1. Order the peptides 227-236, 290-299, 99-108, 355-364 from the highest to the lowest mean number of other Cβ atoms within 10 Å of their residues.
2. Take every Cα-Cα pair in the stretch 40-162 and report what % of them are more than 20 Å apart.
3. Whole number please: convex hull volume per residue of the Cα set in the stretch 222-374, in Å³?
4. Would you be so kind as to identify which of Ile110, Pro64, Leu132 lies farthest towards the positive end of the dipole of the stretch 40-162, taking Lys and Arg as +1 and Asp and Glu as -1 on Cβ and the Cα centre as origin?
5. Per-residue counts of other Cβ atoms within 10 Å, averaged by peptide: what ranking do you get for 323-331, 338-346, 144-152, highest first?
6. When N counts the residues of the chain, how does its alpha-carbon radius of gyration compare numerically with 2.2 N^0.38 Å, as a ratio?
7. Helix 229-239 sits at what angle to the longest principal axis of the chain, using alpha carbons and giving 0 to 90 degrees rounded to 10?
8. Cα convex hull of the stretch 186-276: how many Å³ per residue?
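Every number in this text was worked out from the coordinates using simple rules, so none of it is lab data. Because the structure is a prediction, the values reported are computed rather than measured. When we count neighbours, we look across all protein chains shown, and the Cβ atoms used for this are built from the backbone with ideal geometry, even at glycine.
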Amino acid sequence: MLHFAAQKSGKVPLINSQIKPEGESDVAVFNHPEFDNHEQVVFCSDQQTGLRAIIAVHSTRLGPAVGGCRLWNYASDEEAIADVLRLSRGMTYKNAMAGLPLGGGKSVIIGDAKTIKSEALFQAFGRMLHRLSGSYYSAEDVNITTGDIMQVHKVTPYVAGLEGKSGNPGPFTAIGTYQGIKAAAMHKFGTADLAGKTIAVQGLGSVGFYLCEHLHKEGAKLIVTDINQAAVDRAVTQFGATAVGLHGIYEVEADIYAPCALGATLNDDTIGLLKAKVVAGCANNQLKQARHGEMLRQRGILYAPDYVINAGGIINVACEMRPQGYNADESTAKVNQIYQTLLNIFQRADAEDKPTSEIADVMAQEIISRGQQQ
Ligand code: NAD
């Protein structure tokens, strides 16, 4: 009540009015299960625009931290903190394995994307970003468009993935995923040639559809699913794909399963159903839990670790950040290196008898602790 009256009068509320009632827990960061010695976690609020955001800089050991900004209607602050801590750590690993001179960070804006967006909100976020003086660069993520990022860019240079520069990351993520599928085929089947291979693609969005185009060109047989019937119809018409139901995709007779929609699709319920001998797709966080990497290995299924195979988009964004500027050919050449990076992971996983997911983490940690690019 006192707090409300003070806000109305424009005065700062008395400090004692903000002390939490006994028994109400404080949000913990340093002992949070997802906390991993993050260098900086910044809580941002702007009363005028309703901005509530958290910026997490996990590591700048390899360079400035880069990772997208996600706008999400989190059920609680705790949920937002868990997400930003986990995602920022993931970016450190992804950027390291992609051989980029970049660290890992991520930001989240808390709110309903349908109602909270305004130019002023993104500019307020940009001012917060600016205070970090370039230790973190933001880009797009879920519910953030290039238009939103352009608003952020009005008040700070510390953004990437701008219109007219590297642009839509989807096609580059698709190229990297395509190369990753070829590397997995090489390792598992002894040939990178995908002609005649049957590939089950889950999700035909901005990455999945481009991926299908590459696979079709090479002569692969496609089995597809999506909740968007129009996308399925297009794939059937353009690529001669066979459409299956949402759940059926796990059980089809395929050589390769490419998850390109949701996270956590590799879990206790689905791994036992898979007939494919390779899992290689662009979706983030494919393993529901870390132990599912071992479960795939036990079943003799070769898994291309998600943050390695889907790094094409960030590699393309990083190209825009170089002093010499963006160049699509050079970006593509770097994305194509995902092929060799994955072969290295597969070979080491075999040699050490460990899941590929675990080996990718170990290799990323080695790169980070050396503090240099791959
Ligand atoms: P998108 O939203 O454009 O496409 C996702 C597609 O999946 C949509 O067509 C959607 O209808 C479909 N889908 C949703 N639920 C489904 C379900 N239950 N079964 C089948 N299909 C379903 O997203 P995108 O940009 O193509 O990204 C796909 C995945 O790749 C996401 O996990 C994303 O985090 C990850 N990723 C994307 C990029 C990128 O550059 N866009 C980079 C790295 C990782």
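1. Top to bottom by mean Cβ count within 10 Å: 99-108, 355-364, 290-299, 227-236.
2. Every Cα pair in the stretch 40-162 considered, those over 20 Å come to 34 percent.
3. Spelled out: Cα convex hull of the stretch 222-374, divided by residues, is 132 Å³.
4. It is Pro64, whose Cα lies furthest towards the positive end.
5. Ranking, from highest mean packing down: 338-346, 144-152, 323-331.
6. Taking the Cα Rg and dividing by 2.2 N^0.38 Å, one obtains 1.05.
7. That helix lies at roughly 40 degrees to the long axis.
8. It is 93 Å³ per residue.
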